[in-house]
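Heads up: the structure comes next, in structure tokens.
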Amino acid sequence: MKKTDKYAAIHYHDYLQLDAILSSQIPRSGLYENAAHEETLFIIIHQVYELWFKQILHEVGSVMNMFDKDHVDEKNIGIAVARIERVNEIMKLLIQQIQVLETMTPLDFLEFRNFLFPASGFQSFQFRKLEILLGLKIQQRFSYQSRPYYHEFDAKQQEEIQSMEQAKSLFDQIVQWLERTPFLQFDHFHFDVAYREAILKMIEAEKQAIIDSDYLDDDAKQARLVMIGVNGEYFGTVLDPIKHQERLDAGEIRISYKSMMAAILIHLYRDAPILQLPYRLLESITTMDELFTTWRYRHAQMVMRMLGKKTGTGGSSGFDYLMETVKRHQIFKDFQHVSTLLIPRSYLPVLPEKLQQELGFYYSFKS
Ligand code: HEM
């Protein structure tokens, strides 16, 4: 049988549905007066964004399918990392694209801005889906209007958004996956207890170094000892499971105590072969979150350049609203805060030999 018998031949143009895609740039200014030259760029940029949002949703959705179980297949972690790293490359493109749009001047924008009222990126359904899938909760959102943000959409889309809000997000899935990390307790070894002791040892050594210093006078020593006291108190609060739970209940943080300890363990012992991929996964997710925030910030800067302090077509205060979202809509910041709790390798708790074997770096430890 010839290949052509099995698969119908197709032309490039049809495969990519170019008729539909290339006939979808219709400047609204042209419907009322002479089409504004810059409006084509404005439409194409937004369409390209929506296409990339579709691809990102495809990647994030597939990663979420892998993590939607009580047990995540080790093989899948490598695939998940590769897909999130792909999202990150796309995000870098999306950030760069803003420069292309900035070749349009604010005056050029005013040629057609009124024709698109009240349309706004605020109504991007795919962008909202992405935020929700990653883990942005409605309680966390900065709102500029009395009604919820999803009222921008039709009834079916509103329903979809509300059910997505109830479902597990990637944030929830990663927290639960971290909670299942097997190495936090090993026979009689409790990582959190050993880690607290290591921190206390580090703080004591730092205090002693100040007291013994020939360089500092008494006042300077006193000031530094106070600082270390504050630090010690900070570590004490953050590493206390009860205080952690209080902060969780108050909504100050979103990551559970157990998953935070697991994230610390993964960061500290990331050289262990078994923790390499989990480490890369956490890194890729943190990078993704950072890139989203960078996009928000770059978009806000562009809005300032195009509109100054004018209000948006979607009815917000424009720049000020967008800057609030930069601050408040970051999703994985608890994962970044783990860095505050890291200590130098020289103070790390010594792991029981059996645990070293489990982690797969027993021989490198021994040599
Ligand atoms: C001249 C170019 C642009 C201007 C002046 C602009 C302006 C604004 C303003 C003022 C808002 C706040 C909501 C409102 O009141 O309308 C907004 C939101 C938004 N814009 Fe743009 N925008 C531009 C280009 C883009 C592009 C190219 C995209 C890509 C898809 C985009 C996506 C969004 C999204 C997703 C939001 C919602 C942000 C949020 O609520 O967190 N915008 N835009």
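The values are calculated or read from the model by the stated rules, or taken from the named source; none is laboratory data. The model shown is predicted, which means the values in this text are computed figures rather than measured ones. Don't worry about glycine lacking a Cβ; one is built from the backbone with ideal geometry, like all the others, and counts go over all protein chains shown. Please note that ligands, DNA and RNA were not included when accessible areas were found on the heavy atoms of the full protein model with its side chains. Shrake-Rupley method; radii C 1.70, N 1.55, O 1.52, S 1.80 Å.
Some observations on this one:
- Dipole of the chain, positive direction: furthest Cα of H267, V230, T325, with charges on the beta-carbon: T325
- Protein heavy-atom surface of segment 283-337, 1.4 angstrom probe: 55% of the accessible area is carbon and sulfur, with nucleic acids and ligands not counted.
- FRET efficiency, 1/(1 + (r/R0)^6) with R0 45 Å, evaluated for L225 and K75 via beta carbons: 0.30
- Where Y15, Y297, Y257 fall by accessible area, highest first, once all protein chains stay in place (1.4 Å): Y15, Y297, Y257
- R0 of 56 Å, Cβ-Cβ distance K327-K6: FRET efficiency to nearest 0.05: 0.50
- Spatially proximal lysines relative to K54 (Cα-Cα < 27 Å; intrachain offsets below 8 disregarded): K69, K75, K92, K129, K137, K156, K168, K327, K333
- Qualifying GluC sites (Glu not before Pro) for segment 1-88 [loop in DSSP, other Cβ within 10 Å: at most 12]: E33
- Residue-span extension gain [S124 to Q162] - 0.36 nm each, minus C-alpha spacing: 12.1 nm
- Centre separation in Å (Cα based) which lies between segment 53-100 and segment 182-243: 38 Å
- Gain on full extension, evaluated as 0.36 nm per residue between E102 and Q336 minus their Cα-Cα distance, stands at 81.1 nm.
- Proximal lysines to K354, defined as alpha-carbon separation beneath 18 angstrom and excluding residues fewer than eight positions away on the same chain: K366
- Value of relative contact order over the chain, rounded to a whole percent, pairs C-alpha under 8 Å and six or more apart: 23 percent
- Set of lysines with alpha-carbon distance to K221 below 29 Å, sequence-local pairs under 8 removed: K201, K207
- Largest accessible area first, the residues T340, T313 order themselves as T340, T313 under a 1.4 Å probe with ligands, DNA and RNA left out.
- Per-residue SASA remark: V193, around 60 Å² accessible (1.4 Å probe; ligands, DNA and RNA not included).
- When only alpha carbons of the chain are considered, Rg and Dmax amount to 26.0, 91 Å.
- Span-like helix ranges in the chain, DSSP H, alpha carbon extent 24 angstrom or more, Kyte mean at least -0.5: 39-66, 74-101, 191-211, 218-238, 273-307
- Rough spin-label spacing in nm, given labels placed 7 Å along Cα→Cβ, for L18 and S346: 6.4 nm
- Förster radius 45 Å - calculated FRET efficiency between A35 and R270, Cβ distance, rounded to 0.05: 0.25
- DSSP-assigned coil residues among chymotrypsin sites (Phe, Trp or Tyr not before Pro) in segment 104-160, each with at most 16 further Cβ atoms within 10 Å: F142, F153
- Nonlocal amide H pairs with S316, under 5 Å, H built at 1.01 Å: none
- Mean ellipticity per residue at 222 nm, deg cm²/dmol - from DSSP H runs of n ≥ 4 across the chain, formula -39500 (n - 2.57): -20000 deg cm²/dmol
- Between S62 and E353, the simple spin-label model (points 7 angstrom out along Cα→Cβ) gives 4.5 nm.
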